[in-house]
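Data block below; observations after.
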Amino acid sequence: MPLATCPRCQKLFNKSDKQVCVNCQAAEEADIEKVRKVVQENPDMSADEVATEADVAVAVVNRMLDAGTIERIGAVELEGITCGRCGAPAISASKKLCEGCLAKLNKEMAQAQANIKLGMRKKAQIGMYSGVQEAKREKKE
Ligand SMILES: [Zn+2]
Ligand SMILES: [Zn+2]
C-alpha cells in the first residue's frame, strides 16, 4: 500500500481508499457531512463559501470534489476550467470537456467500438475462408 501524508494531521499513513489517516477519519467524515448539508442547501456557493459556511477547511471541500463525493459546487468551481479540446468553458471539472466536445467524444468512442466489432467480424470471416481452402487442399492430396 502506498504511503501518503494525511492532509489533516500530516502524519504518514497507508493510503487505501481513504483520503485521510485512521485517526482523522471520524473528523473528516463529520466535516464531509457538514459540507454535504451546506451544499444541499446552497448549491450555488463556491468551495470557499461552502467551507466558511460549514466551518471546515476549504481543503476538505476540495478533497470531496477530487473524490467525487460531491459532484461540483456552484458555477464558480468551474471558472477557469476549460475544455481540453477546444478551450471552451468546461461543463465538468473532472472531464475538462465542453458540452460539444463531450458529445463528440461519446460519438467517437461509440464509433471506435463499432470498428473493433467490425474488425473482429472480418477476421472471423477470413478465418472461415482460409479454413475452407485448407479443407479443399486436404481433399486433393
Ligand atoms: Zn490524520
Ligand atoms: Zn470543447
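The values are calculated or read from the model by the stated rules, or taken from the named source; none is laboratory data. Fair warning: this is a prediction, and the values are worked out from it, not measured in the lab. Quick reminder, even Gly has a Cβ in these numbers, built from the backbone with ideal geometry, and neighbours come from all protein chains shown. Areas reflect the complete protein model, heavy atoms only, side chains present, ligands, DNA and RNA absent. Shrake-Rupley method; radii C 1.70, N 1.55, O 1.52, S 1.80 Å.
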Specify the residue that is nearest to residue 71 (Cα to Cα); the eligible residues are those in the range 1-29 that are open to solvent by less than 50 Å² (accessible area, probe 1.4 Å) and free of Cβ contacts under 8 Å to residues at least 12 places away in the same chain. 25
With criteria (1) free of Cβ contacts under 8 Å to residues at least 40 places away in the same chain; (2) more than 21 Å from the chain's Cα centre (by Cα); (3) more than 16 Å from residue 71 (Cα to Cα); (4) not in a helix (DSSP H, G or I), residue 44 comes up short on (3)
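Taking the conditions exactly as written (farther than 30 Å from residue 41 by Cα, at pLDDT 90 or above and under 18 Å from the mean Cα position of the chain (by Cα)), does residue 86 satisfy them or not?
On the way: farther than 30 Å from residue 41 by Cα: yes; at pLDDT 90 or above: yes; under 18 Å from the mean Cα position of the chain (by Cα): no.
Against the criterion (farther than 30 Å from residue 41 by Cα, at pLDDT 90 or above and under 18 Å from the mean Cα position of the chain (by Cα)), residue 86 does not qualify.
Yes or no: the range 53-60 includes at least one residue that is assigned to a helix (DSSP H, G or I), under 26 Å from residue 20 (Cβ atoms), within 16 Å of ligand 1 (Cβ to nearest atom) and modelled with pLDDT of 85 or more. Walk me through it before giving the result.
Restricting attention to the range 53-60, the residues satisfying the condition of being assigned to a helix (DSSP H, G or I) are 53-54, 58-60.
The next check asks that each one be under 26 Å from residue 20 (Cβ atoms); those that pass are 53-54, 58-60.
Of the ones still in play, those that are also within 16 Å of ligand 1 (Cβ to nearest atom) are 59-60.
Among the residues that remain, those that are also modelled with pLDDT of 85 or more are: 59-60.
Yes, the conditions are met somewhere in the range 53-60.
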